[in-house]
Each structure stands twice: as C-alpha cells, then as structure tokens.
Amino acid sequence: MVSQGISRTFEAVLVRQCAPTLAGLKPGNMFCHASLEVSRRKVRQWNEQLAPFGLTVRILLERSSPGSVIVYVYRRKHLEQLLSDNACRNFLEGVGYAGTNLDGLLEQLARRLRTQPEFPHEIGLFLGYPLRDVIGFIKNQGQNFTCCGFWKSYGDPAEMQACFACYRRCIQTYMALFEQGTPIEQLAVPA
C-alpha cells in the first residue's frame, strides 16, 4: 500500500514538473524525488514507456545520504537542436564543457552536479532557458532581472510573462487531466 502511494507521488510530480516537456513546449524539465529505490525503478519504467514519444527520462544525480534523486526528462532531438546553436556551443565551451555530443554533455552536467559546491547555472540551457537569461543570471548573480517566473529573465518582460503564462496553463491542464485519470502516455505529445 505504501509503495503505491509513493509510485503515485512519482507520477504526480513527473506530470506537475514536466508538463511543458511532455507537451513539447520545452526541451527539458527536472525534479527531485525523495525515494532512491522507487525513483530508480520508476525512471526505468517511464524511460521505456515515453521513448516512443521522443522523451528520455534519466537520473542526473543520486544523493545517497538523504536517498533522493534529481530526475531529468527531456526531448533528445529538441535538446540537440538547441545545444547545436553556435552561441550555445561557444558558451558551454567557455564554461568548461568539451565536445558537442549530447550524451557527453549530459555526463559532464551530471558530474558538475555531483562535484561542484554550487548548482551549475548553465543547467538552464538544458532546460530550454534562453541563453541571454543564463548569461544574465550569471553576470548579474541573480539580480537585475526584468521579470521572474519559472526562471529569472533578462529579456523582454512582456514576452517572457506570456511564455510563463503558457507554461502555467499547460501545467494546470495536464494536472487536471492526470487527476481525472488520463494516463501519462496520453499526455505525451509525439516528437
């Protein structure tokens, strides 16, 4: 009985935190989950079930002490296209990433999550944040942003508020559908 509750919680968090990626609006989302063993099992299950939709589910970081994980859900083709942009590649090289292969870049990101004392701010690129916002956040140390929603933006506030509103509507719609019993596979938009 307890494991069903934990399993349901994993799925609910997956939908709530990753709805924009499931819907094809963002290349990636991530979330923390508190149960290491359940997360490992669920990540394998959902990676297999969502692969036909162009989605990958993987653990980026395991914390054995509290027994939690950071789960990353992403659309490989969308992410590869985004990270192949010259400006994004140059930025990643400038902060110490080597190569352009997506799997290699994700391994480097995972290593940074494990070894750096601070959260690596370039993670925003892997989540689909505009490069100007990732750079703006780093240069301004999180200050002087033009608007704040799912992240701190340094661009046109009206444009970004419209983007954030779209993500909020997506999350509300997906959560309502999920709570009504719609399976996650039906929420996933094919690539």
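The table below gives the values:
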quantity	calculated
Selection status of residue 107, surrounded by fewer than 20 Cβ atoms within 10 Å (Cβ to Cβ), among the charged types (D, E, K, R) and under 30 Å from residue 182 (Cα atoms)	no
Residue pairs meeting the criteria (Cβ under 7 Å; at least 6 apart or on separate chains; first on the phi > 0 side of the Ramachandran plot and in contact (Cβ under 8 Å) with a residue 24 or more places away in the chain, in segment 46-61; second of a type in the set (A, V, I, L, M) and open to solvent by 20 Å² or more (accessible area, probe 1.4 Å))	54/191
Count of residues meeting criterion [outside any helix (DSSP H, G or I) and either farther than 23 Å from residue 81 by Cβ or among the aliphatic types (A, V, I, L, M) (or both)] in segment 157-191	7
Scan of segment 1-44 for residues that are open to solvent by 60 Å² or more (accessible area, probe 1.4 Å), touching a helix residue (DSSP H, G or I) at 6+ places or on another chain (Cβ under 9 Å) and modelled with pLDDT of 95 or more, ordered by number	16, 17, 25, 41
Selection count, segment 90-102, where residues are in contact with an Asp or Glu (Cβ under 6 Å, 6 or more places away or on another chain) and either open to solvent by 50 Å² or more (accessible area, probe 1.4 Å) or of a type in the set (Lys, Arg) (or both)	1
Selected residue (criterion: surrounded by the fewest Cβ atoms within 10 Å (Cβ to Cβ)) from residues of segment 45-89 that are at pLDDT 95 or above and of a type in the set (Lys, Arg)	77
Sole exception among (1) within 26 Å of residue 168 (Cα to Cα); (2) part of a strand (DSSP E or B) for residue 62, by number	(1)
Selection within segment 112-130 - under 22 Å from residue 84 (Cα atoms) and assigned to a loop (DSSP other than H, G, I, E, B)	120, 121, 122, 127, 128, 129, 130
Condition check for residue 133: open to solvent by less than 10 Å² (accessible area, probe 1.4 Å), among the acidic types (Asp, Glu) and in a helix (DSSP H, G or I)	yes
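Yes/no matrix, rows are residues, columns are (1) acidic (Asp, Glu); (2) at pLDDT 95 or above; (3) surrounded by 15 or more Cβ atoms within 10 Å (Cβ to Cβ):
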| position | (1), (2), (3) |
| --- | --- |
| 117 | no, no, no |
| 125 | no, yes, yes |
| 137 | no, yes, yes |
| 147 | no, yes, yes |
| 169 | no, yes, no |
| 174 | no, yes, yes |
| 182 | no, yes, no |
| 187 | no, yes, yes |
| 190 | no, no, no |
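The values are calculated or read from the model by the stated rules, or taken from the named source; none is laboratory data. These figures come from a predicted structure and were not determined experimentally. Using ideal geometry, Cβ is built from the backbone for each residue, glycine included, and neighbour counts are taken over all protein chains shown. For accessibility, only protein heavy atoms count, side chains too; no ligands or nucleic acids. Shrake-Rupley method; radii C 1.70, N 1.55, O 1.52, S 1.80 Å.
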